[in-house]
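First up is the structure itself, then whatever we jot down about it.
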Amino acid sequence: MGSHPPKACSCARAWRVFLGGLVVALGLVGGVPPAVAQTAKASEKVQAKAAQIDRNGVLILVRGTLLALDQANKTGNYTVLRDLGSANFQGKSAAELAEIFANHRRQGLDFGAVAVLEPQLTMLPRIEPNGMLHMAGFFPSAPMQVNFELMFEPVNRQWKIFGVAVNLTPGGPQAPETPGAGSAKPVDATPPSAPSTAVGAPTKKSRPAKP
């Protein structure tokens, strides 16, 4: 994979299984638990470092994780997603993961676009002070953009899922609404010689200049 890990809208709500499944934050309702806040403050004192992982390695991890989540949401079976995680992530049973991501299924969210699109990283892969591989970004799909934040734990020289956060936000150009029955219709006109941004607007014919 390019490198080995060290030994050591209503759709806009992020669903997270972080910190080995011990903390499940659904939109961070109720605020950040004190233990998590203390861990975050301690981590800030030690700066994260860039991860030595190539582009192909990033694609494998990101796509593999999000497609596993997408398939779990569509089938209602979270066993494979759970098995791809570290022992800490597996602290949550498949049934508990199904409950966590129940809103994804109710809304019929589809992350299939990640199979063909290139992710745009907003946080380059980095190694956190606790040894976790951490990255974030989005897939520029339309009409809904897939945003993600992932953490992986090193296990037997492989990166295993440790934390997942995914949400959808409007993104990309959208088609205009279909005009109503009473909308004005464009008049016939000679096609312009160059592309025009005025679609459906009447075109005035120019008159020859008098000498």
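Listed conditions (1) surrounded by fewer than 21 Cβ atoms within 10 Å (Cβ to Cβ); (2) within 22 Å of Pro170 (Cβ to Cβ); (3) among the hydrophobic types (A, V, I, L, M, F, W, C) are all met by Leu84, apart from (2). Is it the case that segment 8-17 has a residue that's of a type outside the set (A, V, I, L, M) and either modelled with pLDDT of 50 or more or over 30 Å from Pro170 (Cβ atoms) (or both)? Within segment 8-17, not a single residue is of a type outside the set (A, V, I, L, M) and either modelled with pLDDT of 50 or more or over 30 Å from Pro170 (Cβ atoms) (or both).
Cβ separations smaller than 9 Å between residues 6+ apart or across chains give the following pairs from segment 117-133 residues that are farther than 11 Å from Ala50 by Cβ and assigned to a loop (DSSP other than H, G, I, E, B) to residues that are hydroxyl-bearing (Ser, Thr, Tyr) and at pLDDT below 95: Leu117/Ser141; Glu128/Ser43; Pro129/Ser43; Asn130/Thr39; Asn130/Ser43. Scan segment 136-155 for residues that are touching a Pro at 6+ places or on another chain (Cβ under 9 Å) and under 16 Å from Gly85 (Cα atoms) and jot them down. Residues satisfying the conditions are Phe152, Glu153, Pro154, Val155.
The values are calculated or read from the model by the stated rules, or taken from the named source; none is laboratory data. Since we're looking at a predicted model, the values are computed, not measured. Here the Cβ is made from the backbone with ideal geometry for all residues, glycine too, and neighbour counts use every protein chain on show.
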